[in-house]
Amino acid sequence: MTTVQDASNVSSLFGAGAATAAKGSSTETQDRFLSLLVAQMKNQDPLNPLDNAQVTSQLAQLSTVQGIENMNSTLESLSASMGVNQMAQAANLIGRSVLVPGDSIRPAQMEDVMGFDLSRPADKVTVNIHNASGELVRSLHLGSKEDGVNLLAWDGLTDKGAAAPDGKYTFSIDAVQGDTAVSSTALHLGMVNSVSQGSQGVQLNLAGIDSVSYADIRQIF
C-alpha cells in the first residue's frame, strides 16, 4: 500500500496504463483475425470457395469483439477517473475527524465521541463501556432512538461517578424494539492522517486506528 500525496500521479498509474493495455489487446486481436482470414482465402478450395455469408459472419464477429473491448476500455477509463476524483476528495479530509465503524473510545476530550447506526428505530438503547480487561465501567441508558446514525459523548465517568483512568476502552450497543433486538453498527471517531490507494479502493489511514475504507465514512467533523 502506497500513500498518495498527489492525485495527478494516480491518473498516470490508472488511466494511461489501462488505455495502452486495452489498445494493444484490440490491435492484436484484429491482426490475428485478418491474418487467419487472408490465409483462409489464399488456401481455399477453388471448387468450393468461401461463402460470402461466412466471410460476412466472421467480420461481424470481429466487430462484436472489438466493440466489447472498446466498451471495456471505456469502463476502465471511467473507473480510473472516478478513483482519481475520490482520491482528491479523500485528500481534503487529512487533518479532519471522521465517524467510521469501530468500537474503541477514550475518556480524553475529542476521543470521547462515539455513535451507532441503527437498522431501524428502537424504543430502548443502552451503550455499555468496557475497560481493557473487559470489565463494565459505565452503562448509558439512552431511551428511544431513531434509525440511522446517532451520536453521543462519554463524560469520562464510571457508574460510580469516579473519573475513569486514561486508556483504551471499547463499547457495545444493546438496542431493542419491544422484545425484538435491533441490529446496529458501533461507530467511533478518528482523525485522518493520510489517504492511500489499496486493493479495496481508497483507504483512510487514521491516527492510532487501522485503515478504513473511504466508503465507510458516516459523518465528517
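Here are some notes:
- Once segment 194-218 is narrowed to residues that are farther than 21 Å from G115 by Cα and touching a helix residue (DSSP H, G or I) at 6+ places or on another chain (Cβ under 6 Å), the residue that is surrounded by the fewest Cβ atoms within 10 Å (Cβ to Cβ) is V202.
- Residues (surrounded by fewer than 18 Cβ atoms within 10 Å (Cβ to Cβ) and either of a type in the set (G, A, S) or closer than 27 Å to S133 by Cβ (or both)) located in segment 177-193: G178, A181, S183, T185
- Conditions (1) over 10 Å from the mean Cα position of the chain (by Cα); (2) buried (at least 17 other Cβ atoms within 10 Å of the Cβ); number of the one not met by F221: (2)
- Filter result for A122 (modelled with pLDDT under 95 and on the phi < 0 side of the Ramachandran plot): no
- Segment 103-140, subset among the hydroxyl-bearing types (S, T, Y), assigned to a strand (DSSP E or B) and under 31 Å from the mean Cα position of the chain (by Cα), residue nearest to V182 (Cα to Cα): T126
- Inter-residue pairs, beta-carbon under 8 Å, first under 16 Å from R218 (Cβ atoms) and in segment 173-194, second of a type in the set (F, W, Y), 6+ apart: I173/F116; S184/F116; T185/F116; A186/F116; A186/F171; L187/F116; L189/F221
- Here segment 141-160 is the region considered, the condition is being of a type in the set (S, T, N, Q) and not in a loop (DSSP other than H, G, I, E, B), and the residue that is surrounded by the fewest Cβ atoms within 10 Å (Cβ to Cβ) is S144.
- Any chance E111 is of a type in the set (D, E) and surrounded by 15 or more Cβ atoms within 10 Å (Cβ to Cβ): yes
The values are calculated or read from the model by the stated rules, or taken from the named source; none is laboratory data. Remember, it's a predicted structure, so these values are computed and weren't measured experimentally. Positions of Cβ are backbone-derived with ideal geometry, glycine not excepted, and every protein chain shown enters the neighbour counts.
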